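Asks: What follows is a single structure, and I will ask about it in a moment.
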Amino acid sequence: MKREDAEAIAVRALGWLASDPDLCGVFLGASGASAGDLRAQASDPAFLGGVLDFIAMDDAWITAFCDAEGLPYDAPMRARAALPGGEAVHWT
């Protein structure tokens, strides 16, 4: 996946997350980000990777996001792999 496409999916994930006040509150608490950070860091690929990492913590969140956005269920993880910190680690 191209980085631009990955960023677009992550921005959509951020918008989806922000539209759910309860889940957004969980994200803010877990990440230490503020509501202002959501806007200020929406163009930061590393922050967007963190958004995808958060959503990937729960299959129900991935399913709900993908269903809402009309994306295949593997799209968030493919996008995550294309953003900073998402590279596959080879330990051997």
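The values are calculated or read from the model by the stated rules, or taken from the named source; none is laboratory data. All of these numbers come straight from a predicted model, not from anything done at the bench. Every residue, glycine as well, gets a Cβ built from its backbone with ideal geometry; the counts of neighbours run over all protein chains shown.
Asks: Please specify each residue of region 16-37 satisfying the condition of being surrounded by 15 or more Cβ atoms within 10 Å (Cβ to Cβ), assigned to a helix (DSSP H, G or I), modelled with pLDDT under 95 and not polar (S, T, N, Q).
Replies: Residues satisfying the conditions are LEU17, ALA18, LEU23, CYS24, VAL26, PHE27, LEU28.
Asks: Given the conditions (1) more than 13 Å from ALA18 (Cβ to Cβ); (2) polar (S, T, N, Q); (3) at pLDDT below 95, and given that GLN41 satisfies all but one, which numbered condition is not satisfied?
Replies: (1)
Asks: Taking ALA56, is it within 18 Å of GLY85 (Cβ to Cβ) and either exposed (fewer than 14 other Cβ atoms within 10 Å of the Cβ) or free of Cβ contacts under 8 Å to residues at least 60 places away in the same chain (or both)?
Replies: yes
Asks: Just one of the numbered conditions (1) at negative phi; (2) touching a residue at least 24 places away in the same chain (Cβ under 8 Å) is not true of ASP44; which one?
Replies: (2)
Asks: Only one of (1) assigned to a helix (DSSP H, G or I); (2) modelled with pLDDT of 95 or more; (3) out of contact with any Phe, Trp or Tyr (no Cβ under 7 Å at 6 or more places or on another chain) fails for ALA68. Which number is that?
Replies: Among (1) assigned to a helix (DSSP H, G or I); (2) modelled with pLDDT of 95 or more; (3) out of contact with any Phe, Trp or Tyr (no Cβ under 7 Å at 6 or more places or on another chain), ALA68 violates only (3).
Asks: Let me ask something else. Within region 38-52, work out how many residues are surrounded by 14 or more Cβ atoms within 10 Å (Cβ to Cβ) and small (Gly, Ala, Ser).
Replies: 3
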